[in-house]
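This report concerns only the one structure given below.
The values are calculated or read from the model by the stated rules, or taken from the named source; none is laboratory data. These figures come from a predicted structure and were not determined experimentally. Reconstructed Cβ throughout: ideal geometry from the backbone, glycine too, with neighbour counts over all protein chains shown. Each accessible area value is taken on the protein alone, full model and side chains, heavy atoms only, with ligands, DNA and RNA left out. Shrake-Rupley method; radii C 1.70, N 1.55, O 1.52, S 1.80 Å.
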Amino acid sequence: SEGGSQDDLDTLTAGGYGGQMINVSSNSTNNVITIKHNTGNIYTPDGLDFTIDARSFINMMWQDSLQRWVIQS
């Protein structure tokens, strides 16, 4: 966590293996996380940043061909 009420997530420190799934959520009710597209090792299919708060989460899958975590719809 970077602290404050708004954080950006652009890199997950561990790479994955093909097809591995993870869930990402905020650990604070006061924190909004912006998941950055194609900055570091995260990729969003629509090319836009994605925002989550404490009431939501996203699924990501490791894509070997991209060497990125890709947000799943």
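Exactly one condition in (1) in a loop (DSSP other than H, G, I, E, B); (2) within 15 Å of Leu9 (Cα to Cα) is not met by Ile22; state its number. Condition (1) is where Ile22 drops out.
When segment 32-49 is filtered for residues that are open to solvent by 30 Å² or more (accessible area, probe 1.4 Å) and either farther than 16 Å from Gln72 by Cβ or touching a strand residue (DSSP E or B) at 6+ places or on another chain (Cβ under 8 Å) (or both), the ones remaining, listed by number, are Val32, Lys36, His37, Asn38, Thr39, Gly40, Tyr43, Pro45, Asp49. Residues in segment 32-49 that are part of a strand (DSSP E or B) and not aromatic (Phe, Trp, Tyr): Val32, Ile33, Thr34, Ile35, Ile42.
Taken together, the residues in segment 42-73 that are closer than 13 Å to Thr11 by Cβ and under 9 Å from the mean Cα position of the chain (by Cα) amount to 4.
Conditions tested, residue by residue: (1) in contact with a His (Cβ under 6 Å, 6 or more places away or on another chain); (2) touching a residue at least 60 places away in the same chain (Cβ under 8 Å); (3) assigned to a loop (DSSP other than H, G, I, E, B); (4) open to solvent by 40 Å² or more (accessible area, probe 1.4 Å).
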site	(1), (2), (3), (4)
Asp8	no, no, no, yes
Ala14	no, no, yes, yes
Asn30	no, no, yes, yes
Thr51	no, no, no, yes
Ala54	no, no, yes, yes
Asn59	no, no, no, yes
Trp62	no, no, no, no
Leu66	no, no, yes, yes
Trp69	no, no, no, no
